[in-house]
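Have a look at the structure below before the remarks.
The values are calculated or read from the model by the stated rules, or taken from the named source; none is laboratory data. All figures in this text were calculated on a predicted structure; none of them were measured in a lab. Cβ placement follows ideal geometry from the backbone for every residue including glycine, while neighbour counts extend to all protein chains displayed. The area values use the complete protein model at the heavy-atom level, side chains included, leaving out ligands, DNA and RNA. Shrake-Rupley method; radii C 1.70, N 1.55, O 1.52, S 1.80 Å.
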Amino acid sequence: AQEPEVRSQKINTRTKQLLESGWIDEVRGLIDKGYSATAPGMISHGYREIAAAIESGNINPDVLAEEISSKTRQYAKRQMTWWKRDSRIYWIN
């Protein structure tokens, strides 16, 4: 299994890359097409935070990056805890 620090850094980097590559515009486009904040795809990590920021008019990419990364790191930690209990999983590097 990957070390928590490495996993955390990868999540932070990936979130920032997604935001820099137009994630906010993507969500804005989905909202403009009529997708609501409760649509299945819009409740996934990142999309709900971006949609809420758009709705509030307070879009700060740095704040979004930290909020999304934090929630993703928490989710990844829960996944790792779950998988470590499963004796069928054999971890390879």
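Here are the numbers:
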read-out: Qualifying residues in the stretch 52-93 (those that are aromatic (Phe, Trp, Tyr) and over 22 Å from residue 42 (Cα atoms)) - the one farthest from the chain's Cα centre (by Cα); value: 90
read-out: Top-ranked residue of the stretch 1-22 - restricted to ones that are of a type in the set (Ser, Thr, Tyr) and not in a loop (DSSP other than H, G, I, E, B), ranked as nearest to residue 62 (Cα to Cα); value: 15
read-out: Looking only at the stretch 60-93, and only at residues there that are of a type in the set (Val, Ile, Thr) and at pLDDT 95 or above, the one that is nearest to residue 30 (Cα to Cα); value: 68
read-out: Options 37, 65, 51; residue that is part of a loop (DSSP other than H, G, I, E, B) and hydrophobic (A, V, I, L, M, F, W, C); value: 37
read-out: Inter-residue pairs, beta-carbon under 6 Å, first open to solvent by less than 60 Å² (accessible area, probe 1.4 Å) and in the stretch 34-50, second of a type in the set (Gly, Ala, Ser) and not in a loop (DSSP other than H, G, I, E, B), 6+ apart; value: 37/51; 42/51
read-out: Filter result for residue 8 (open to solvent by 40 Å² or more (accessible area, probe 1.4 Å) and of a type in the set (Gly, Ala, Ser)); value: no
